[in-house]
Amino acid sequence: MLLLLLLMLGVLIPGGDNEHAFQGPTSYHVIQISSFINSTWTQHQGSGWLDDLQIHGWDSESGTAIFLKPWSKGNFSNQEMTELVEVFRVYFIGFTQIIEDHVSEFQLTYPFEIQGTAGCAVHSGKTTVSFLRGALGGLDFLSFKNGSCVPAAEGGNRAQRFCTLYNQYPGISDITERILFKTCPRFLLGVLDAGKKELQKQVKPKAWLSSDPSPSPGRLLLVCHVSGFYPKAVRVMWMKGVQEQPGTHQGDLLPYADGTWYLRVTLDVAAGETANLNCRVKHSSLGGQDIVLYWEHSTSTSVIVLAVILPTLILLTCLALWFWRRRSYQNIQ
């Protein structure tokens, strides 16, 4: 999978070294999903990702790339990107034709779907880890390791036959390896440099506590809300003193339109066992100063607020009732 693309990339984009260093492991990978509906109808989806942030898309109708960030081209020139987009366009045409020509040989039955991903990760600007994997119908089909095609157990005889054919051409392996270990890191480091203002931004989270109805009587479902933080990586824990509590349930990380994130973490406890419970939030924007919210303080604050508001509401109600009766009496006279 993606071999034709890799070969064409090797011709158009020279490999090169880049001494830029950056913080932490970061990866770039492309994803291809090709759905073969029948012998005349195929749909392709393509995307490019920097870690879990999508920065490229693909318009299959026009055969053009979609640059989702102003810095998605990295340090590639407009000419290089134009040639690269054309490579992808031609690749999808060629990939479709190759698969359709071998449907019978590899015993494929319409409809079927092929997925592929290829990319690289750079650690501390020095160590490069590259990968290429293919799947058929959601099951692993093959991978690229140590310059060779390796069939996956789930791929059965079809994957073995494909890799046997591929490994007969060492020149293709050499080009594939150069793309994965030279070109991909060069593009990755260029994108990191071009997008560093956005990628390195830090937005501090806001946190608050609440409770939801528990499915069991005599218990409380405590909720710790963490909102508006960036980057995405965050750790939220329910603690008793300094001990992390078992049974903590973390919800899905949900995105906001401004690029920040929201997370909800719950803890189901007995109603009488909330003493010393607190929610601790760790995030890179906090500079090592964790946010710590104590459940007892939260409930005490709620009681205080209620004690202040309730008398005020009663007073306002009495005044409104007195005013309404006074007006009614005056109207009667």
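Structural remarks
- Among the residues of region 163-197, those identified as hydroxyl-bearing (S, T, Y) and open to solvent by less than 90 Å² (accessible area, probe 1.4 Å) are T164, Y166, S173, T176, T183.
- Elements of type strands (runs of 3 or more DSSP E) in region 105-206, at least 1 residues being without any contact (Cβ under 8 Å) to a residue 24 or more places away in the chain and either touching a helix residue (DSSP H, G or I) at 6+ places or on another chain (Cβ under 9 Å) or farther than 27 Å from T42 by Cα (or both): 127-136, 139-145, 148-151
- If the condition is being part of a loop (DSSP other than H, G, I, E, B), closer than 17 Å to E296 by Cα and in contact with a helix residue (DSSP H, G or I) (Cβ under 9 Å, 6 or more places away or on another chain), then region 207-243 contributes no residue at all.
- Where Q200 falls short, out of the listed (1) among the polar types (S, T, N, Q); (2) open to solvent by 30 Å² or more (accessible area, probe 1.4 Å); (3) over 28 Å from the mean Cα position of the chain (by Cα): (3)
- Given (1) at pLDDT 95 or above; (2) surrounded by 14 or more Cβ atoms within 10 Å (Cβ to Cβ), number of the condition W208 does not satisfy: (2)
- Extreme residue, most open to solvent (accessible area, probe 1.4 Å), among residues of region 40-94 that are of a type in the set (F, W, Y), in contact (Cβ under 8 Å) with a residue 40 or more places away in the chain and more than 25 Å from K232 (Cβ to Cβ): F88
- Candidate set from region 244-261 (those that are open to solvent by 60 Å² or more (accessible area, probe 1.4 Å) and outside any loop (DSSP other than H, G, I, E, B)); member that is farthest from R280 (Cα to Cα): P255
- If you check S302, S328 for being modelled with pLDDT under 65, surrounded by 10 or more Cβ atoms within 10 Å (Cβ to Cβ), at negative phi and among the hydroxyl-bearing types (S, T, Y), only one passes: S302.
- Checking Q160 against (1) more than 20 Å from I37 (Cα to Cα); (2) at pLDDT below 90; (3) open to solvent by 60 Å² or more (accessible area, probe 1.4 Å); (4) polar (S, T, N, Q), the condition it does not meet: (2)
The values are calculated or read from the model by the stated rules, or taken from the named source; none is laboratory data. Bear in mind that the values here come from a model prediction, so they are computed numbers and not experimental data. A quick note on method: Cβ atoms are made from the backbone with ideal geometry, for glycine too, and the neighbour counts reach across all protein chains shown. Please note that ligands, DNA and RNA were not included when accessible areas were found on the heavy atoms of the full protein model with its side chains. Shrake-Rupley method; radii C 1.70, N 1.55, O 1.52, S 1.80 Å.
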